[in-house]
1. Return the pairs, sorted by first residue and then second, in which the second residue is open to solvent by 30 Å² or more (accessible area, probe 1.4 Å), the first residue lies in the stretch 310-321 and is over 17 Å from ALA379 (Cβ atoms), the beta carbons are less than 6 Å apart, and the residues are 6+ apart or on different chains.
2. In the stretch 391-414, is there at least one residue being outside any loop (DSSP other than H, G, I, E, B) and either closer than 15 Å to GLU280 by Cβ or open to solvent by less than 30 Å² (accessible area, probe 1.4 Å) (or both)?
3. Just for the stretch 354-384: of the residues that are open to solvent by less than 40 Å² (accessible area, probe 1.4 Å) and part of a helix (DSSP H, G or I), which one is farthest from GLY315 (Cα to Cα)?
4. Please list, ordered by residue number, the helices (runs of 4 or more DSSP H) wholly in the stretch 189-272 having 1 or more residues that are under 15 Å from ASN109 (Cβ atoms) and free of Cβ contacts under 8 Å to residues at least 60 places away in the same chain.
5. Go through the stretch 79-122 and count every residue that is in a strand (DSSP E or B), touching a Leu at 6+ places or on another chain (Cβ under 9 Å) and open to solvent by 30 Å² or more (accessible area, probe 1.4 Å).
6. Name, by its number, the condition in (1) at pLDDT 90 or above; (2) open to solvent by 20 Å² or more (accessible area, probe 1.4 Å); (3) among the aromatic types (Phe, Trp, Tyr) that does not hold for TRP334.
7. Among the residues of the stretch 274-307, write down those that are farther than 14 Å from LEU345 by Cα, part of a helix (DSSP H, G or I) and touching a residue at least 12 places away in the same chain (Cβ under 8 Å).
8. Only residues that are over 18 Å from the mean Cα position of the chain (by Cα), closer than 9 Å to PHE20 by Cβ and outside any helix (DSSP H, G or I): list them for the stretch 48-62, please.
Amino acid sequence: MRSFILGVLGCSLVLSAQAFYSASDDVVELNTSNFNKEVLQSDSLWLIEFYAPWCGHCQSLTADWKKAATTLKGIVKVGAVDADQHKSLGSQFGVKGFPTIKVFGANKNKPEDYQGGRTSQAIVDGAMKSLNSLVKDRLSGKSGGSGYKQSGGGGAGSKQDVVELTDDNFDKMVLQGEEVWLVEFFAPWCGHCKNLEPEWTAAASAVMEQTKGKVRLGAMDATVHQAVSGRYGIRGFPTIKIFRKGEEPEDYQGGRTRGDIIARALDLFSDHAPPPELLEILSEDTLTKTCVDSQLCVIGVLPHILDTGAAGRNGYLEVMTKMAEKYKKKSWGWLWTEAGTQLELEAALGIGGFGYPAMAAINSRKMKFALLRGSFSEAGIHEFLRELSVGRGSTATLGNGSMPKVHTVAPWDGKDGQLPEEDDYDLSDVDLDDDDDFLSKIEL
């Protein structure tokens, strides 16, 4: 009987996880098998939700997403990807939390993040705005395509996401540069090379954007540039090698889809990237730049220096630094401030007056934030950020829906705090036995 009940519960869980969208809905279910043909090779505008079946926010979005898809039917394509099952698609397009909505317009290799509301009306309005923009671009002759010509006709340099490498530029760009390189050695007549070309091009665009140029993808015609290809013993095509400055190259062992290539490139990026800098909030620019440039900014509000001393404060900063290192793949921003220094910020986050140290994570694009409810420790912060990164955290609107005012302050000098000096009183001419005269004779 117990086995039967567990079986029924298991089936129920599976059904609930798969019940987001069905064939009768106007939402197109996308996966690794049909994504390329349905989306990347399509001329249509697509709105695509990347979700996870266990994500509460995703479940809440389902009804509005279906309604929006029905409203936009025949005008804008609306799709959904189970990114928990099809992880390579999520990785390919930089999906770090759920649900993530992206707009696939003119350049399908570089979709835009959807920034609108999550009601069906807001989604429809956002789709129509993107559609109008796409139409205007087409009228003006703009194109979002990207690519490289394996015949050698493509231009080299920063204007292309795939860098055309030659015997002349290879050493300077690849061996002497600071970037990590994935280099494809190809032959123009090679069928497998031709099949790889669109995957390599798409991956190059995504990797360039997500690593901010720290990992590059290049391509070399090994039949023309034989000095370099001979140096590395290239015998078959395509051959892909990984180059890091000062290290021996290694053979690329991963898959040949864009998702596989992007995932490996991001691993290389995170392995060699330093952790994000933990910055003290000294001005409005510090807060604005860090939070706007990052998908999420994590802010620690630490006790006053008189309450902890330098050693105590450095202990808290060390915890935050370790968490920044642990989550560096996320490319989040990390900030801290002293309690009572930025009162408007604390008020906007619902922090203030007690409970220090405290921590909040802000999504400036959505003007939402979440508060650390557990301990200010590596374990407590890890649990807090892990929940947020998979869409499970509880969030609230930031203050009045805009970034709070921040005051310009002097940086911490790294030292223990000192109490302010008290004024000295001259009591030499005070007759302590004369209480009535005592206060009047104090010289301030």
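1. Sorted first by the residue in the stretch 310-321, then by its partner, the pairs are ALA310/LYS415; ALA310/ASP416.
2. No, because not a single residue in the stretch 391-414 is outside any loop (DSSP other than H, G, I, E, B) and either closer than 15 Å to GLU280 by Cβ or open to solvent by less than 30 Å² (accessible area, probe 1.4 Å) (or both).
3. Here the residue is PHE384.
4. Qualifying helices (runs of 4 or more DSSP H): 191-210.
5. Residues in the stretch 79-122 being in a strand (DSSP E or B), touching a Leu at 6+ places or on another chain (Cβ under 9 Å) and open to solvent by 30 Å² or more (accessible area, probe 1.4 Å): 0 in total.
6. (2)
7. Once the filter is applied, which keeps residues that are farther than 14 Å from LEU345 by Cα, part of a helix (DSSP H, G or I) and touching a residue at least 12 places away in the same chain (Cβ under 8 Å), the stretch 274-307 yields THR290, VAL292, ASP293, ILE305, LEU306, ASP307.
8. Of everything in the stretch 48-62, just one residue is over 18 Å from the mean Cα position of the chain (by Cα), closer than 9 Å to PHE20 by Cβ and outside any helix (DSSP H, G or I), namely PRO53.
The values are calculated or read from the model by the stated rules, or taken from the named source; none is laboratory data. Source: prediction; values computed, not measured. Ideal geometry is used to build each Cβ from the backbone, glycine not excepted, and the neighbour counts take in all protein chains shown. Accessible surface areas use protein heavy atoms only, side chains included; no ligands, DNA or RNA. Shrake-Rupley method; radii C 1.70, N 1.55, O 1.52, S 1.80 Å.
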